[in-house]
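The values are calculated or read from the model by the stated rules, or taken from the named source; none is laboratory data. All figures in this text were calculated on a predicted structure; none of them were measured in a lab. Virtual Cβ from ideal backbone geometry, glycine too; neighbours counted across all protein chains shown.
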Amino acid sequence: MDSLYNFLISKKSENLAFSSTIRENAIETYKKLPLPVKKQEDWKYSDLSNLFDIEYNEVANNFETNLFKIESKNKLVFINGCLKSELSNFNNKDIEIIPISENAVATNLSIEYINKSNNLDNKFSALNTAFANNGVIIKFKKNNALSEPLVIEYINNSKVATFENTKNIIIAEEGSVSEVIEIHSNKDLCMLTSNIVTNIFVNENASIDYTILQTEKECVKINSHYVHQYKNSKFTAHTFQLDGNLIRNNLIINHENTHCETSLNGIFFPIANQHFDNFTIVNHTNEHCTTNENYRGLANDSGVGIFTGKIFVAKGAQKTLAQQSNKNIVLSNKAKIHSKPQLEIYADDVSCSHGSTTGQIDKDALFYCQSRGISKQDALKLLINAFLVTNIRLIKHKEIATFVEEKINLKLA
Amino acid sequence: MNTDQDIIQEIQNTDYKYGFTSDIETDIIAPGLNEDIVRQISKMKNEPEFMLEWRLKAFEHWKTMEHPKWANINMEIPHFQDISYYAQPRNKPKYDSLDEVDPEILKTFQKLGIPLEEQKILAGVAVDAVIDSVSIHTSFKSQLKEMGIIFCSFSEAVHEYPELIKNYLGSVVPYTDNFYACLNSAVFSDGSFVYIPKNTRCPMELSTYFRINATNTGQFERTLIIAEEGSYVSYLEGCTAPMRDENQLHAAVVELITLNNAEIKYSTVQNWYPGDKEGKGGIYNFVTKRGICKGNNSKISWTQIETGSALTWKYPSTILKGDNSSSEFYSVAVTNNHQQADTGTKMIHIGKNTKSTIVSKGISLGKSNNSYRGLVRMAKTAENARNFSQCDSLLIGSQCGAHTFPYIDVQNNTAIVEHEATTSKIADDQIFYCNQRGISKEDAISLIVNGFAKEVLNKLPMEFAIEAQKLLAISMEGSVG
């Protein structure tokens, strides 16, 4: 087997929530699944097969401060993929948290959630199911609106090459309203490859507003979210890929019942040698569901930005409304943008559309600004901010919006 | 008034109008595929040594290839050893006048509505008719010859213009390109060859009718069109095939080359047997069509109407190499019953200021699936390149599918790429609007579908536009007139 597998199998695992049958099955599946190479359609633009051949080592988890912080009473901190309870706190009234090292049955958790979190669709997810030894199960209580957002911080500082599997499960109980902010940030170069899988269950009439903010130094990250939406539920995701080295975000939405509403909002901006890959699938398997997807991409230097968005409408999923838009700006001659919006439709009474454009800054607009005494650099910032404004306006938190704007301006300089 | 269900039912019950078999005696090589068969084909066609070498190289390579899996298509991989790779009418066609042609063949053409004589006079079309694999009749050849235009069958070109063939064969679609192009390179039977000399405008539309006739015979055509500097040609390709129960394989290769300031317009109407209502039978159509705008300011435009075949797998593509070169792709694909189509285009921009336009319309009925798959690539060198793509799909009936898979790769900060796609059914308010004005539901659907495809139909040469409309009508009969 590959060296990654050998490394993981040698590590001790403390995951009691997932039965040994599930995990052994995941190992078998892992062995059968193909490597993520360019020939695999889903990995066409990101060949990650080399991650399986690196010699990995174990690492100590020391705390280090992160780059960007949001004050909240509800906070979970993961250092190098491992939950640090001394740094975490949360309000028991709103949230219940169970580490996955505890037996799920003993904690009265419906086994259905565990079974549905048995993700095996690619090599990384199978690996995660088999070897995840970190992570928590988070429950947002029934008919309760969260007073402050739940902040999940992922801080990595490993100086040796290592690989961590983290698996989180978020359950929004019926009628709950919540907000989650996932922050990936660290100050220094980091040798950790993290493979994070989050399963999110949005139950009947519940709603989650989910922000993923990625702003970290040199790191390799495979960040997957599997969202299961039930009747009348609402899920909104904001993804901001601002810094990192090699990032692959998988966002897979399943509509398990009717009248689901999904909004996916994203910005990616690779510069230097950054490689940012966004992979989204929305499975419309039921009637009367709505999807709104809107991604904007910028690429400078030798950066590579990728958007793959698939909307799948199954037979019988009538009255589906799905809209997908991906607009990109290439700022340098070495930068690359790959855009692959897809519609796969097997029902007739639907209204689906997608649009994708890739271009550059309008020279006339730039000239217009310059002729009015605005420097070229400022004019560029102005136009890029205008290009991104619809996405930034969707952000609920002013702090995050300001941070995203500042970060982009900094990268443009 | 008919309900939707009635109309859909009626469409599905329409039989294939052009399904008949002409009894022409044909010479067929025994089924199978090995080096000897390749040698035999080459020998029967009396080919020069270089062609045989090329075929054998292709065959060697083909043996190392695997059947591709990526298309959005459900199919059984053909049994390549059960196919006969060459068939030709026994009466070796060397006619001076039409009277000498087997009357059965003439009858077939008449049923298809391509009376050679009439077309010669009325439409001014030179027809290079291909039945099974050998050219039967080439008209207007002498007139074209005077202008220096070469329009002949591929096997003739191999003998008479070996230098041109050596130079250009496989230069756009190398035999290593893909599984079916490679197979074609090894066993291709015949096809058309067109050469337009410098600064010449071909005075008429050149056209070829392909037809698959003998049971279990793969049709492996090869077309090569070369437009020298400053020349222009419009080429039409039309297809119909009789009913058969087994799946027949068709894997053609088309290569277009335009030099400085030249233009090629390539139009296709494809109406091969799509199989019956249960999806039994029908043609497998795996075609590699590719053009290269080699010279500056050159242009290639593709127009296609796809209504037939059980499986269509086809991406007419253009490599825009010359500066300021441009390309267009206009397509209407209609699928009914159990038909499956995975079609689209590739536009590869290499030269500066290159432009491409893609307009693709898919109409799905019955239990069919219709996919658009396209690639637009802007290379680093493609400064100020521009692309616009539009893919619209119309769904009629709740059991069919319409899919869009565009691939957009931009490696350049001066290029602009736009893509948009929509999928929907005919809106109730559109039909209601027509009903209000006294137009019946059937006529309303017809009106809307015609309007939907108009943008593409308008791009066809006159002679073809009429046939294309007829084909659309047949494909959707019952609701569309």
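Out of (1) buried (at least 24 other Cβ atoms within 10 Å of the Cβ); (2) free of Cβ contacts under 8 Å to residues at least 60 places away in the same chain; (3) of a type outside the set (Phe, Trp, Tyr), the odd one out for B:GLN339 is which?
(2)
Within the range B:420-444, can you find the residues that are under 30 Å from A:LYS310 (Cα atoms) and either within 24 Å of the chain's Cα centre (by Cα) or of a type in the set (A, V, I, L, M, F, W, C) (or both)? I'd like the intermediate steps shown before the answer.
Restricting attention to the range B:420-444, the residues satisfying the condition of being under 30 Å from A:LYS310 (Cα atoms) are B:420-430.
Residues satisfying the conditions are B:ALA421, B:ILE426, B:ALA427.
If you check A:ALA379 against the conditions, is it outside any strand (DSSP E or B), at pLDDT below 95, more than 8 Å from chain B (Cβ to nearest Cβ) and in contact with a His (Cβ under 8 Å, 6 or more places away or on another chain)? I'd like the intermediate steps shown before the answer.
Values: outside any strand (DSSP E or B): yes; at pLDDT below 95: yes; more than 8 Å from chain B (Cβ to nearest Cβ): yes; in contact with a His (Cβ under 8 Å, 6 or more places away or on another chain): no.
So A:ALA379 fails the test.
May I ask you to verify whether A:ALA126 is assigned by TED's automatic domain parsing to the domain that holds A:TYR30, touching a Leu at 6+ places or on another chain (Cβ under 7 Å) and at pLDDT 90 or above?
Values: assigned by TED's automatic domain parsing to the domain that holds A:TYR30: yes; touching a Leu at 6+ places or on another chain (Cβ under 7 Å): yes; at pLDDT 90 or above: yes.
When the stated conditions are applied, A:ALA126 passes them.
Name the residues in the range A:310-346 that are of a type in the set (A, V, I, L, M, F, W, C) and either assigned to a loop (DSSP other than H, G, I, E, B) or more than 7 Å from chain B (Cβ to nearest Cβ) (or both), would you?
Result: A:ILE311, A:PHE312, A:VAL313, A:ALA314, A:ALA317, A:LEU321, A:ALA322, A:ILE329, A:LEU331, A:ALA335.
Let me spell it out: the conditions are (1) in contact (Cβ under 8 Å) with a residue 40 or more places away in the chain; (2) closer than 24 Å to B:ILE292 by Cα; (3) within 9 Å of chain A (Cβ to nearest Cβ), and B:LYS380 meets all of them except one. Which number is the exception?
(1)
In the range B:37-89, which residue that is in a loop (DSSP other than H, G, I, E, B), among the hydroxyl-bearing types (Ser, Thr, Tyr) and crowded, with 17+ Cβ neighbours inside 10 Å is modelled with the lowest pLDDT?
Taking the range B:37-89 first, the residues in a loop (DSSP other than H, G, I, E, B) are B:45-48, B:64-79, B:83, B:85-86.
Those left that are additionally among the hydroxyl-bearing types (Ser, Thr, Tyr): B:64, B:85-86.
Next, from what is left, pick out any that are crowded, with 17+ Cβ neighbours inside 10 Å: B:85-86.
Values: B:TYR85: 78, B:TYR86: 72.
That would be B:TYR86.
I'm trying to understand the selection: among the residues of the range A:347-364, which are outside any strand (DSSP E or B), facing chain B (nearest Cβ under 7 Å) and of a type outside the set (Asp, Glu)? Steps first, answer last, please.
Narrowing the range A:347-364 to residues outside any strand (DSSP E or B): A:347-350, A:360-364.
Restricting the remaining residues to those that are facing chain B (nearest Cβ under 7 Å) gives A:347-350, A:360.
Within the range A:347-364, A:ALA347, A:VAL350, A:GLN360 meet the criteria.
Being at the interface with chain A (Cβ under 9 Å from one of its Cβ atoms) and in a loop (DSSP other than H, G, I, E, B) is the filter here; which residues of the range B:349-377 pass it?
Across the range B:349-377, there are no qualifying residues.
Inside the range A:260-299, counting only strands (runs of 3 or more DSSP E) that do not spill past its ends, which hold 3 or more residues that are more than 18 Å from the chain's Cα centre (by Cα) and under 14 Å from A:LYS234 (Cα atoms)?
Working: elements: A:261-268, A:275-284, A:290-299.
Where strands (runs of 3 or more DSSP E) fall fully within the range A:260-299, none carries at least 3 residues being more than 18 Å from the chain's Cα centre (by Cα) and under 14 Å from A:LYS234 (Cα atoms).
Please work out which residue is farthest from the other protein chains (Cβ to nearest Cβ), limiting yourself to the range A:295-309 and to residues that are buried (at least 21 other Cβ atoms within 10 Å of the Cβ) and not aliphatic (A, V, I, L, M).
My answer is A:ARG296.
Within the range A:225-240, count every residue that is buried (at least 23 other Cβ atoms within 10 Å of the Cβ) and over 24 Å from A:ALA126 (Cβ atoms).
Here the count works out to 4.
Would you mind telling me which numbered condition in (1) surrounded by 24 or more Cβ atoms within 10 Å (Cβ to Cβ); (2) within 13 Å of chain B (Cβ to nearest Cβ) A:CYS289 fails?
(2) is the only condition that A:CYS289 fails.
Is it the case that the range A:134-152 has a residue that's farther than 30 Å from A:ASN25 by Cα and hydroxyl-bearing (Ser, Thr, Tyr)?
For the range A:134-152, residues farther than 30 Å from A:ASN25 by Cα and hydroxyl-bearing (Ser, Thr, Tyr): present.
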